[in-house]
Amino acid sequence: DSGVTQTPKHLITATGQRVTLRCSPRSGDLSVYWYQQSLDQGLQFLIHYYNGEERAKGNILERFSAQQFPDLHSELNLSSLELGDSALYFCASSVIQGRGTDTQYFGPGTRLTVL
Amino acid sequence: GENVEQHPSTLSVQEGDSAVIKCTYSDSASNYFPWYKQELGKRPQLIIDIRSNVGEKKDQRIAVTLNKTAKHFSLHITETQPEDSAVYFCAASKRGPSGGSYIPTFGRGTSLIVHP
């Protein structure tokens, strides 16, 4: 157990819908990263938050957004869902920003199925 | 942007043999190289990492080597065991535009199968 929690574990929804994925980082970790893992694209970085602020964006669609709250938990919002959004979504947390290495601890993931 | 190639995509070995997985990267700004192990249906777990100022790092049966000039790095697992069976991902990370984030680009993964 990495100490990172994600809810829900599974999510099944229809095209066009909107969902929210939640992540709680390890105690004391200020950084939260979001990733998407699919068979087509592999493991891809989406976005990074540090202490409530967005710090970097990767291959994140405009239909997707995220935020990190004062208690450091983070939410990833996916809207106007398409079949191709079906994937495993992981968040990861790390201790501190910019220490030269950035050991990231992954949560168990949310499996999203769009029908 | 960064491009990480990982080979082979599948590796089948007998228990006790060694396994080597290789990755190449394109962006010389990448300076942190973690390796993750992901068992079926589970989360990726960091198994070893190396920074660009180090050429080799070992942790028991696992070692990683880095050749900055050639832009490639490798994972070596000795005395493989059936519980080593999993998908292994390499990543090349570099600082993001804000200067603080380490943005990883992952390889496509290697499925390692260790036969008893």
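The values are calculated or read from the model by the stated rules, or taken from the named source; none is laboratory data. The structure presented is a predicted model; accordingly, all values stated were derived computationally and were not measured. Don't worry about glycine lacking a Cβ; one is built from the backbone with ideal geometry, like all the others, and counts go over all protein chains shown. Quick note on the areas: whole protein, heavy atoms, side chains included, nothing else; ligands and nucleic acids left out. Shrake-Rupley method; radii C 1.70, N 1.55, O 1.52, S 1.80 Å.
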Counting only DSSP beta bridges fully inside chain A, the antiparallel percentage to nearest 5 is 90
Of A:Lys57/B:Lys58; A:Lys9/B:Lys22; A:Lys9/B:Lys71; A:Lys57/B:Lys22, which ones are farther than 30 Å apart at the Cα? A:Lys57/B:Lys58; A:Lys9/B:Lys22; A:Lys9/B:Lys71
Partner chain coverage, peptide A:39-46 - average Cβ within 10 angstrom: 4
Can you give me the pair-distance distribution of chain A, C-alpha pairs, 10 Å bins, whole percents? 15, 50, 29, 6, 0
Carbon/sulfur accessible area of chain B, % of total, 1.4 Å probe, equals 47
What's the long-distance tail for region A:23-65, i.e. % of Cα pairs beyond 12 Å? 63
Can you give me the convex hull volume of the Cα atoms of the protein assembly as shown, divided per residue and expressed in Å³? 120
Going residue by residue through region B:103-114, the Karplus relation 6.51 cos²θ - 1.76 cosθ + 1.60 with θ = phi - 60° gives ³J(HN,Hα) values, rounded to whole Hz and with x marking Gly or Pro, of 8, x, 10, 9, x, 7, x, 10, 8, 9, 10, 10
Using only Cα atoms, what is the ratio of the radius of gyration of region B:1-55 to 2.2 N^0.38 Å? 1.33
In debye, nearest 20: dipole of chain A around its Cα centre with unit charges on the Cβ of K, R (+) and D, E (-)? 100
Can you bin every Cα-Cα distance in region B:28-112 into 10 Å intervals starting at zero and give me the percent of pairs per bin, rounded to whole numbers? 17, 49, 28, 6, 0
Only Lys, Arg (+1) and Asp, Glu (-1) charged, at Cβ; chain B dipole about Cα centre in debye: 460
How big is the B-A contact in terms of buried accessible area, both chains counted, 1.4 Å probe, rounded to the nearest 100 Å²? 1900
